[in-house]
Structure formats: C-alpha cells, structure tokens
1. Relative to the present Cα-Cα distance, how much length would full extension add between ALA42 and MET13 at 0.36 nm per residue of separation?
2. Where does helix 296-309 land angle-wise versus the long Cα axis of the chain, in degrees 0 to 90, nearest 10?
3. Please work out the Kirkwood hydrodynamic radius for the chain, using every pair of different C-alpha atoms, and report it in angstroms with one decimal place.
4. Which residue fluctuates most in the GNM of the chain (Cα springs below 10 Å): ARG137, ARG83, ARG168?
5. Shape of the range 116-219 from its Cα gyration tensor (a ≥ b ≥ c, root eigenvalues): rounded if a/c is under 1.5, otherwise prolate when a/b > b/c, or oblate?
6. Let me check against my output: what whole-number percent is the relative contact order of the chain, with C-alpha pairs under 8 Å and at least 6 apart?
7. I need the Kirkwood Rh of the range 3-126: take the reciprocal of the average 1/r across all distinct C-alpha pairs and report it in angstrom.
8. In Å, what is the Rg of the alpha-carbon atoms in the range 276-344, and how long is Dmax?
Amino acid sequence: MIFRAVLVGCGSMSKGWLEAITSSDLLKGRIRIVGLVDLDPATAAARAAEFGLHDAVIGHDLGEILSQTQPDLMFDVVIPDARRAVVETGLRHNCHVLSEKPMASSLADAQALVALAAETGRTHAIVQNRRFISGVRRIRSMLDSGVLGDLTALHGDFFIGAHFGGFRDQMHSPLLLDMAIHTLDAARFMGNKVPQSVYCLETNPRGSWYAQGAAANAIFEMSDGVVFNYRGSWCAEGAPTSWEGAWRIIGTRGSLIWDGADSFEARVTANDGGFLRELRPVPVPTAPDPDQTHGHASVLAEFISAIATGRTPETDGSDNIKSLAMVFAAIESANTQRRVKICA
C-alpha cells in the first residue's frame, strides 16, 4: 500500500522528514507526498523543488490543501504553539497524523488531542526518534533480561552548547520542553517504569544566549522505587555529551554505562563476599529488531505499519502524553519550587 501524505511546516526540520521518506530503504515506495503546506508558500515550493516533488500541491491554507488532496496521512512539522490547531485540522479531515515533538505546548492541549484522535478514530503519534536507536533498544533488552538484577536508578546527562537562533532562543523552558522530552522518553522506555513525581530546579546560567531556562536538574520518582536523575543544559560549552546523552543505569546486581554513542560498559558482581565486591564484565545484547534502530525512518515505518495493520503505534499520543507529563510536571516544579505529582 502506498500512503498519500501532506506535510505541513516546511522549515528546517522538514528536511529530515523528507530525507527519511525519500531515502530510507524502510520507506521506499510506501509514502507519496501529495501536498506541502507552509505559511510562506515560497518556502513550501522550494522544499518541493529540493526533493523533486513536482506533483505536490503547494499552499498556505491547510484545510484547503487537505480537502483538495484527500491524503491518508498528515505530517505535522510546525512550531509547538501551532500544533494543536494543525493536528485538529488533520484529524477532522480524516488523516492519521504524525507530529514532531513535543506533542503539544500544554498538557491540556495534549489531552484534547488524545480525545479527538479517539473520537475521530484516527491515529495521532509523535516522532520520538531517540527511542528508535540501537543503544536505547539494546539497553531496554538488557534490562528486560534481568542480567543487572532489578533496576534501581537511571542517570541521564545532556550537555550541549547549541546555537540555534530563532524561536528556541526566546521560548519558555527551551531545554525541558524542546529537548529533555527525548531523554525523559528514553528513560521511561528503557526502564519500563511509570513516572510518579518530580522535583526540578531550572536555571539560566551566566553567559546563556537563551532568554530563560537553558539548564535544569530534575529528580523523578518512578514506579517500583526507581529514581531517574536528569541533568541538562543547552548552553554548556567545552565538553559536549552525545545528542542521546550520557547514561549510568544501576541494578541490584550491577551497572551499565553508555556514552550515548557506541561505547558500553556493563559489569555485575562476581561474588557475595568482601568490602567491595569483585566485578565481571557482561555483554550488552544487540538490538532485538534492527529495523527499529534507524531513528526517524523507523518511527515513520512503525507509524505506517501500525496503520496498515490496525494496531496502535509505539509512539501513539495516548502513550507519549506520559512523557510530556514528565516535562510539564518538571516545569511546574521549577516554577513552584515544590515536588509535583505526575498525572497524564
């Protein structure tokens, strides 16, 4: 089956979407872009020309383009503040919708979109592409195997000096709302635990080029007594982590360290005696499904596969809202300087 799709929002982020759709072996011949929508039609036309989408309908009025093209899918790549209206338009035009993260710019908006997707019988899923990489899948597999014992803690660090320019420099809580969602969603997926509460300190370090909230430290209480510690900054120069962060994951029998790229170190106790237990290395398993390790392309492939088979995709809004709830609870905690319960 070839899915007809309209992409809305043709700025810089749209390039990654179109590269995945047109270049990935997972998606070749499965999606046809029939329309491109942007507030500036010239931007949409330029993106169409760049990717050879000569038959795509170009315009600025989303409802009009959806009515004209009658697509199966809508790809939402707009700024967060525009997301709810765009997704609602897509769902009401009978489209299954795949959105950029974050799912919405407020938890109330996210809840409204989950409700509307259920009402219309359409799927609304989110591009959480960081959980579709080999390292995250391998760690989930290792924790599921029990080789580290019972999970007790996850520690995720994210330190990048990112000079975006544009809307991120002025937005509220740019780290927590725009980037931490990846790390928080990865922690929730790898640990397979339910977030319950958070205490967060948000700061804007000296020298920051962001208007507010470029750094944060958060302690999340998860189910089964697991603690997830998050430390991050968008304005940390000199010693960047991977874009996937740097991780220490602790179980009752041992620990795993991952640099967010290709380096893994996992060791467990080799005996039960002595002040400090003797340790032995253990291998980190390969990802159970290689097709689920190609980032953006794997998210798109999972999305259309779920639609074709009538199942719920992994990053469906009804699940992703739990990661978004972690974000907004952290922001509320930072604003109130209080521990906040997490309710999706």
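1. 8.8 nm
2. 70 degrees
3. Computed over Cα pairs of the chain, the Kirkwood hydrodynamic radius comes out at 21.1 Å.
4. ARG168
5. Judged from the Cα gyration tensor, the range 116-219 comes out oblate (a/c at least 1.5, b/c at or above a/b).
6. About 19 percent, as a whole number.
7. So the Kirkwood estimate lands at 14.3 Å.
8. 18.7, 54
No value in this document is a laboratory result; all are computed from the given coordinates. All figures in this text were calculated on a predicted structure; none of them were measured in a lab. Here the Cβ is made from the backbone with ideal geometry for all residues, glycine too, and neighbour counts use every protein chain on show.
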